[in-house]
Structure formats: structure tokens, C-alpha cells
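Below is one structure, written out as C-alpha cells; the observations come after it.
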Amino acid sequence: MSTALKRRSKLALALTALAGLFSLAATVLVFTTAQAAEPAAGHSAAAAAGGLAASQWGYIAAALATGMSSLGAGYAVGVVGSAAVGALAEKPELLGRVLILVGLAEGIAIYGLIISILILNRLG
């Protein structure tokens, strides 16, 4: 594998990891916002005592589902993508198989997004 190709694959891995870390930062923001929010009048005594309400846990779970799946998908696409580029450099006829493998790795993020949408629909 050439030096330029290695640099590009490392850059792609770094960018996808950065996207996953951004999603995790959003999760932390949601968590701290949920803890700082004052409990409403309809919440339980545990929420009034400083605990989190069930809806706040739901928002945290939705953010974690999206953030962690994005981080995992970013890592998977980085690893599979760099191997795919190496394979295509040697055998260009593998393009269809390589696209399927990269698509499967990207599917991880979509599954996490679907789960978070289901959680948010249940809360709302």
C-alpha cells in the first residue's frame, strides 16, 4: 500500500472517529442538561430528590444509542474501507463485493439511529 493511500485511510478513520466522539459529546450534554433540569410537579419523589425521571433516562438512552453506534460504525468503515481500497488496487473486479462490505459497516449507524427514533417515539 502506498504512503498516500495509508495517509488517506488514516484520515478517514480519524474523521469517522471524530464524528463518533461528537455524538458522545452530545450524549454528555444531554446527560448534564437532564441532571440540571428541575423536576416538574408530576414527577415522582425520587426525581424530586435529585434522581432522573424515566423520560430523562429515555433521552439519555436515545443519545447513547446514536452516539455509540456512530462510533462503532466509524471504526468499522475505517478498517473495512482501508482494506477495501487495498483489495481494489490489486483486483478491480471486486468492486461489488467491497461496496457490500462497506455498506454493512455503515449499517451499524443506521441501526442505532432507528433504535433512538423508536425510543424517542415511545417517550413523546
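The values are calculated or read from the model by the stated rules, or taken from the named source; none is laboratory data. Keep in mind that this is a model prediction, so the values were computed, not measured. Please note: Cβ atoms are built from the backbone with ideal geometry, for glycine as well, and neighbour counts cover all protein chains shown.
Residue-wise test of (1) modelled with pLDDT under 65; (2) more than 30 Å from Asn121 (Cβ to Cβ); (3) of a type outside the set (S, T, N, Q).
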{"residue": "Leu21", "(1), (2), (3)": "no, no, yes"}
{"residue": "Val30", "(1), (2), (3)": "yes, no, yes"}
{"residue": "Ala73", "(1), (2), (3)": "no, no, yes"}
{"residue": "Ser82", "(1), (2), (3)": "no, yes, no"}
{"residue": "Leu94", "(1), (2), (3)": "no, yes, yes"}
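Considering the stretch 80-109, and only residues there that are in contact (Cβ under 8 Å) with a residue 40 or more places away in the chain and of a type in the set (A, V, I, L, M, F, W, C), the residue that is surrounded by the fewest Cβ atoms within 10 Å (Cβ to Cβ) turns out to be Ala89. Picking from residues in the stretch 69-124 that are in a helix (DSSP H, G or I) and basic (Lys, Arg), the one that is farthest from Ala53 (Cα to Cα) is Arg97.
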